[in-house]
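*Asks:* My questions will all concern the structure given below.
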Amino acid sequence: MVNPYLTRFLILTAQTELSPSERKELLALHRQLADHQLILAKLEEEGLVGLAYHHFNAFSNDVNPDFFNLLKNKALVYTARQARIIEQILPLSSFLSRENIRWVVVKGLSLAYRIYPEPYWRPFFDVDMLVHPDDGERVDELLPGFGLEPVMARHLSLASNLAALKKNFWLYRPLYKKKELFLEVHLGFPLLHQEREGEEDFWTSREKFKVQGWELPCLLPEYEFALLCLHLQQHSYSRLIWLTDIVQLIKARQINWDKVKEIAQREHVEGSLAYAISIINQLWPNSVSEDTRPLFSPTKQEKFWLRVFFPLSPILTREEIKESPIHTPSLLQLLGQPRVRTWGRTLKNFFFPPADWVTYYYGFKPWSFKFFRHYLWRLTRPFIFLVKRLFWIRRRKNFNQ
């Protein structure tokens, strides 16, 4: 059941700046919500602990002391963890630069230090990095020497041809760990599963930012915007902080919207970007200017399927958000693709990924019963999902909201 007070509390908290009237409203909502453990749990779930502490610290004398202490302690734990992660990633950044590796830091850490006034406003628990596909093998050789161990090493011995697996770089996402540092490596630009017509531009347009005097490579803001919108969709709009990231990126950086449109058209993701912009403006009106919105318009077909996969009402109320498969952006991208070959390649990769990838990721012995059952599950899952989702839409009768 939707609690409108809690929903409004979370949506207000997710803003980096509050007007005097909004601060007053936030404090009033806090007093109405008596279950402090529930509030803290929802703040953690939405990634808003840092922002909540920032807001309530400004008028801590008016806040319930038990709640404020809970919030403060949680924020301090997060901040200490982030500091330890930074201590480990900075020397690694210098090391990779000396080796002439083409890479960038994306999402959490990059955003916390580039676009937020204070890093603790934007919690992160791991580090995501993109590596040029041609440098992937070299990175795999270098990281263990730096003390980073593959998290899924126990499955490596099951893959009969790991080199071939790495060539399908969109499927290969190794994880490494060193103390508190979890490093997630993406070989290539993880927008969609296609050739990258603009890959040269993507890598040559990289920028840098500084943390404690150390330089780290990052994306051009326009590529970051596109990536954030698609990452948000991959995870079914399930955390408010990911929406806040996009709003804050627009505020902090001068976005070249013509460049974003060029990227969106090239990658056939205009509908996905338009949906993210629409959701943001419904949560926080005028976060994206009126001049910008018409640049990204989903077709009727895209709009229909976006509503099927990502119903608006749960996203806006933050209750019982309906999760869709993580590959949904790739399937939606096909709507703008006229080429049969592209359809065939994408659907083949989705339904029949390489056997070594299934072995590596799921730990199934090749050609075992569980191995074949996984492929059967991949074949039937979309149809079962669509039937369930359409029944849910019919039951809720909110499809056209």
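Read-outs throughout are calculated quantities, based only on the coordinates presented, and are distinct from any laboratory measurement. What you see is a predicted model; the values in this text were computed from it and never measured. Cβ sites come from the backbone with ideal geometry, for glycine too, and all protein chains shown count toward neighbours.
*Asks:* Would you tally the net charge around S110, using a Cβ to Cβ cut-off of less than 14 Å, leaving S110 out, and scoring K and R as +1, D and E as -1?
*Replies:* 0
*Asks:* Quick check: residue separation of E45 and I326 times 0.36 nm, minus the Cα distance between them. What number comes out in nm?
*Replies:* Fully extending the segment from E45 to I326 adds 99.3 nm.
*Asks:* Also, I was wondering about something else. Can you work out ³J(HN,Hα) from phi for every residue in the range 276-288, in order, using Karplus 6.51 cos²θ - 1.76 cosθ + 1.60 and θ = phi - 60°, giving whole Hz and x for Gly and Pro?
*Replies:* 3J(HN,Hα) across the range 276-288, in whole Hz: 4, 4, 4, 4, 4, 6, 7, 6, 9, x, 6, 5, 10.
*Asks:* For the range 4-396, give me the percentage of DSSP beta bridges that are antiparallel, rounded to the nearest 5 percent.
*Replies:* Roughly 75 percent of the DSSP beta bridges within the range 4-396 come out antiparallel.
*Asks:* Of the options P329, L228, V185, report the single residue whose Cα projects farthest towards the positive end of the charge dipole of the range 4-396 (beta-carbon charges: Lys, Arg +1; Asp, Glu -1).
*Replies:* My answer, from the dipole projection, is P329.
*Asks:* List the residues whose amide H sits under 5 Å from the amide H of F182, counting only those 5 or more places along or on another chain, with H placed 1.01 Å from N in the peptide plane.
*Replies:* Correct list: V127.
*Asks:* What is the local net charge at R31, summed over the other residues whose Cβ is closer than 14 Å to its Cβ (Lys, Arg +1; Asp, Glu -1)?
*Replies:* -1
*Asks:* Further question on the same structure: Would you please give the residues with an amide H less than 5 Å from that of C218, counting only those at least 5 places away or on a separate chain, with H modeled from the backbone geometry?
*Replies:* V105, E207, K208, F209
*Asks:* Using Cα pairs under 8 angstrom and six or more residues apart, how large is the relative contact order of the range 4-396, in percent?
*Replies:* 16
*Asks:* Pop a pseudo-label 7 angstrom from the Cα along the beta-carbon direction at both Q254 and R31 and give the gap in nm to one decimal.
*Replies:* 4.5
*Asks:* How much mean residue ellipticity at 222 nm does the chain get from its helices, if each DSSP H run of length 4 or more adds -39500 (n - 2.57) and you divide by all residues, to the nearest 500 deg cm²/dmol?
*Replies:* One gets -18000 deg cm²/dmol as the mean residue ellipticity at 222 nm.
*Asks:* In the structure displayed, which of K24/K261; K42/K251; K348/K370; K74/K178; K303/K388 lie more than 28 Å apart, Cα to Cα?
*Replies:* Exceeds cut-off: K24/K261.
*Asks:* Right, something else. Provide the per-residue ³J(HN,Hα) series for the range 345-362, in order, calculated from phi with Karplus coefficients 6.51, -1.76, 1.60 and θ = phi - 60°, each as a whole number of Hz, with x at glycine and proline positions.
*Replies:* Couplings: 5, 5, 5, 4, 5, 6, 7, 10, x, x, 4, 5, 5, 4, 5, 5, 7, 9 Hz.
*Asks:* When the Karplus curve 6.51 cos²θ - 1.76 cosθ + 1.60 is applied with θ = phi - 60°, which whole-Hz ³J(HN,Hα) does each residue of the range 30-38 get, with x for Gly and Pro?
*Replies:* Computed from phi, the couplings for the range 30-38 are 4, 5, 7, 9, 7, 7, 5, 5, 5 Hz.
*Asks:* Assigning unit charges at the beta carbon (Lys, Arg +1; Asp, Glu -1) and nothing else, what dipole magnitude in debye, to the nearest 20, does the range 4-396 show about its Cα centre?
*Replies:* That gives the range 4-396 a dipole magnitude of about 1380 debye.
*Asks:* For the range 243-316, which GluC sites (Glu not before Pro) pass both filters: DSSP loop (anything but H, G, I, E, B) and at most 12 other C-beta atoms within 10 Å?
*Replies:* The qualifying sites are E290.
*Asks:* Report the local net charge at E180: Lys and Arg +1, Asp and Glu -1, summed over other residues whose C-beta lies under 10 Å from its C-beta.
*Replies:* Here the charged neighbours net out to +3.
*Asks:* Could you pull out every residue, at least 5 positions away or on a different chain, whose amide H is within less than 5 Å of the one on F310? Hs are placed 1.01 Å off N in the peptide plane, and Pro or chain starts have none.
*Replies:* So F310 has HN proximity to no qualifying residue.
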